[in-house]
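Taking it in order: structure first as structure tokens, then the write-up.
The values are calculated or read from the model by the stated rules, or taken from the named source; none is laboratory data. Given the structure is predicted, the values throughout are model-derived calculations rather than measurements. Counting neighbours? That spans all protein chains shown, and the Cβs are built from the backbone with ideal geometry, glycine included. In case anyone asks, the SASA skips ligands and DNA or RNA and just uses the protein heavy atoms, side chains included. Shrake-Rupley method; radii C 1.70, N 1.55, O 1.52, S 1.80 Å.
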Amino acid sequence: MTDDEFAIRLGERIRELRKLKNISQLDLAYDMDMSMNTISGIELGKISPKIETLRKIADRLGIEIGELFDFNPQPNNDKVRRKKIEQIARNLSNRSPEFLTLLNKAIDLLDQAQNLSEKN
């Protein structure tokens, strides 16, 4: 892989992760104290960011820096499922521990029901 190809794939990965987190280029640029043109340039592979910039992007996206370099494409269903799980987690973040315990038990029961239906 050439340097240009690497920069493009890195930019695509950053864009993919940013969109999964529902963060706009403008919001990311603001949080990073950068211009939106710089973020756009990084995502298009026209600007090669410093490692410190990549660390800040990873921090802002709530991921480990290594995830920025995971260029293996995921099937679209996995992306949708992951986004939905993150949305559910955000919605549950302010619930009581008792509610979360009951929800976990309900999920276990649904999982058991799914396993039984797959056996039949």
**Request:** Identify the residue in segment 61-72 that is surrounded by 10 or more Cβ atoms within 10 Å (Cβ to Cβ) and not charged (D, E, K, R) and, among all such residues, is farthest from residue 30 (Cα to Cα).
**Result:** 71
**Message:** residue 4 - would you say it is in contact (Cβ under 8 Å) with a residue 12 or more places away in the chain, surrounded by fewer than 14 Cβ atoms within 10 Å (Cβ to Cβ) and not hydroxyl-bearing (Ser, Thr, Tyr)?
**Reply:** yes
**Prompt:** Within segment 7-46, how many residues turn out to be outside any helix (DSSP H, G or I), crowded, with 16+ Cβ neighbours inside 10 Å and free of Cβ contacts under 8 Å to residues at least 24 places away in the same chain?
**Reply:** 1
**Prompt:** So, of the residues in segment 73-87 that are at pLDDT 80 or above and within 17 Å of residue 18 (Cβ to Cβ), which turns out to be least open to solvent (accessible area, probe 1.4 Å)?
**Reply:** 86
